[in-house]
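Since the structure comes first, as structure tokens, the remarks are kept for the end.
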Amino acid sequence: MILSVQEIAALFKEKFYNDPRLFFSPGRINFIGEHIDYNDGFVMPAAIDKGIFFAVAPNNTNTVNIYSAEMHEELHIALHDIHKIDGWKNYILGVIDQLLKRNYPVKGFDAVFGGFLPVGAGLSSSAAVECGLAFALNDIFDLNISKVDITLICQKAEHTYPGVQCGIMDQFASVMGKKDHVLLLDCNTLHYDLLPFNTDEYAIVLINSKVHHSLAGGEYNVRRQQSEKGMQLLKEKYPFAKTFRDITPQQVKDIKATFDDADVYKRCLYVTEEIERTQKGALLLKARNIKDFGELMFKTHEGLSKLYNVSCEELDFLVDRAKEHPEIAGSRLMGGGFGGCTINLIKHDKVEEITCAIVKQYKEKFGIEAEVYSMRLSDGTHIL
Ligand code: GLA
């Protein structure tokens, strides 16, 4: 469902007879650096022009009333009774819980939210919801929280309520993104650079496999545990290593025999390779060399599929078809994986023709109507 900011504002007035403040919280894409935000790597995400609108106003009570325009569901809960429920409610409740735990003076409020961000498509609708709410509450209650702290609060909310042990990439991109720029984020220090992304030649196109992914399902957390286990072993063998950054893929290969779990070995190899690729990718992007940058994206997909095992038949198919077109510089699954979108860099004048062909082949093979979205890079969460 696509909802405009006007529709969200109108729904708010209809439900709460009040004038709200309006906010936009974007989804994110990620060019390269997948599954390495929680593995001490660099990532290269960007906020996009598709996201969630929030209409929010204090209600001078101690109750929170929220309406999800997409799900057509309401939540009414007293501030002294915040607890986990399920689904979208946990993203909201997790944020409120974190703010209260940190003693921010949050009072009762009314809110309506919705927009255009397909859930489970790898565009981080969860971070958009969390960050949009935290940003709005920061604004209406003058909480004085810095933007970076908003990202950390929302990450913690996701760990504690929905229970996904995510890294910082999604929340950081959603809040800190800048129009026409990519963030090069060091996930260890949270230091970041903004690199202009030139879309003159190539369009950023997502193809949604419509295979629904849910990171709350557990496999994401398993990857995280396997990487941690691998890092422990690497530290024993290479005592100088503090993080994956200090290890090369060759050093992982050199001690292959000492891994008693083949999956853990593969995860470590992927992570070290991806850290190298992201660093190379940043240089290529700065040099505006999209062609070679795209080659790295294909390699990332291969790693995600064969070593990190977070792809699926449908995503592999979409990337294989993309490889057949020289006008596509790069393509790979994007986000947590197990479904969702591929991100593709496609020559502008070929977007229509190529995506139609791929969507048709995909339909023939899987009987699923894939969706195609062209993306623009936008500013992070902001008041409207
Ligand atoms: C999800 C998580 C992020 C990141 C990606 C994979 O989107 O929320 O923190 O780990 O998966 O790169």
- Message: Condition check: on the phi < 0 side of the Ramachandran plot, more than 16 Å from the ligand (Cβ to nearest atom) and of a type in the set (D, E, K, R). Does LYS179 satisfy that?
- Response: yes
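Working only within segment 60-93, note down all residues that are β-branched (Val, Ile, Thr), in contact (Cβ under 8 Å) with a residue 40 or more places away in the chain and in a strand (DSSP E or B).
Across segment 60-93, the qualifying residues are THR63, VAL64, ILE66.
Test of understanding: among LYS107, LYS156, which residue is away from the ligand (no atom under 15 Å from the Cβ) and either assigned to a loop (DSSP other than H, G, I, E, B) or more than 26 Å from ASP292 (Cβ to Cβ) (or both)? Please lay out each step first, then the result.
Numbers: LYS156 fails: away from the ligand (no atom under 15 Å from the Cβ).
None of the other options fit; the residue is LYS107.
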- Specify which of the listed residues (VAL264, VAL252, VAL271) is within 16 Å of the ligand (Cβ to nearest atom) and part of a helix (DSSP H, G or I). VAL271
- Message: When you scan segment 195-213, do you find a residue that is closer than 27 Å to GLY294 by Cα and in a helix (DSSP H, G or I), even just one?
- Response: no
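To keep it simple, each residue is scored yes or no on (1) free of Cβ contacts under 8 Å to residues at least 24 places away in the same chain; (2) assigned to a helix (DSSP H, G or I); (3) within 16 Å of the ligand (Cβ to nearest atom); (4) within 19 Å of the chain's Cα centre (by Cα).
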position	(1), (2), (3), (4)
ARG288	no, no, no, no
PHE293	no, yes, no, no
THR300	no, yes, yes, yes
LEU304	no, yes, yes, yes
GLU314	no, yes, no, no
ASP320	yes, yes, no, no
PRO326	yes, no, no, no
THR342	no, no, yes, yes
- Task: Could you please let me know if ILE368 is surrounded by fewer than 16 Cβ atoms within 10 Å (Cβ to Cβ), in contact (Cβ under 8 Å) with a residue 24 or more places away in the chain and not in a helix (DSSP H, G or I)?
- Result: yes
- Could you list, in sequence order, the residues of segment 27-59 that are more than 14 Å from the ligand (Cβ to nearest atom) and assigned to a loop (DSSP other than H, G, I, E, B)? ASN59
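I'd like the full set of residues that are among the acidic types (Asp, Glu), over 14 Å from THR300 (Cα atoms) and free of Cβ contacts under 8 Å to residues at least 40 places away in the same chain, limited to segment 256-279.
Start the filter on segment 256-279 by keeping residues that are among the acidic types (Asp, Glu), which leaves 260-261, 263, 273-274, 276.
Next, from what is left, pick out any that are over 14 Å from THR300 (Cα atoms): 260-261, 263.
Selection gives ASP260, ASP261.
Residue-wise test of (1) of a type in the set (Phe, Trp, Tyr); (2) more than 18 Å from ASN103 (Cα to Cα); (3) part of a helix (DSSP H, G or I).
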{"site": "ALA127", "(1), (2), (3)": "no, yes, yes"}
{"site": "LEU137", "(1), (2), (3)": "no, no, yes"}
{"site": "ASP142", "(1), (2), (3)": "no, no, no"}
{"site": "ASP149", "(1), (2), (3)": "no, no, yes"}
{"site": "GLN171", "(1), (2), (3)": "no, yes, yes"}
{"site": "LYS178", "(1), (2), (3)": "no, yes, no"}
{"site": "LEU183", "(1), (2), (3)": "no, yes, no"}
- Query: Quick check: anything in segment 17-25 in contact with a strand residue (DSSP E or B) (Cβ under 8 Å, 6 or more places away or on another chain), outside any strand (DSSP E or B) and crowded, with 17+ Cβ neighbours inside 10 Å?
  - Reply: yes
- Message: Is it the case, given these coordinates, that TYR202 is surrounded by fewer than 24 Cβ atoms within 10 Å (Cβ to Cβ) and in contact (Cβ under 8 Å) with a residue 24 or more places away in the chain?
- Response: yes
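Residue-wise test of (1) modelled with pLDDT under 95; (2) of a type in the set (Phe, Trp, Tyr); (3) crowded, with 22+ Cβ neighbours inside 10 Å.
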position: LYS286; (1), (2), (3): yes, no, no
position: VAL319; (1), (2), (3): no, no, yes
position: ALA329; (1), (2), (3): no, no, yes
position: GLY335; (1), (2), (3): yes, no, yes
position: GLY340; (1), (2), (3): yes, no, yes
- Message: Let me spell it out: the conditions are (1) at pLDDT 95 or above; (2) surrounded by fewer than 24 Cβ atoms within 10 Å (Cβ to Cβ); (3) not in a helix (DSSP H, G or I), and LYS350 meets all of them except one. Which number is the exception?
- Response: (3)
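The values are calculated or read from the model by the stated rules, or taken from the named source; none is laboratory data. Computed from a prediction, not measured in an experiment: that's the story for all the values here. Here Cβ is always computed from backbone atoms with ideal geometry, including for glycine, and neighbour counts include all displayed protein chains.
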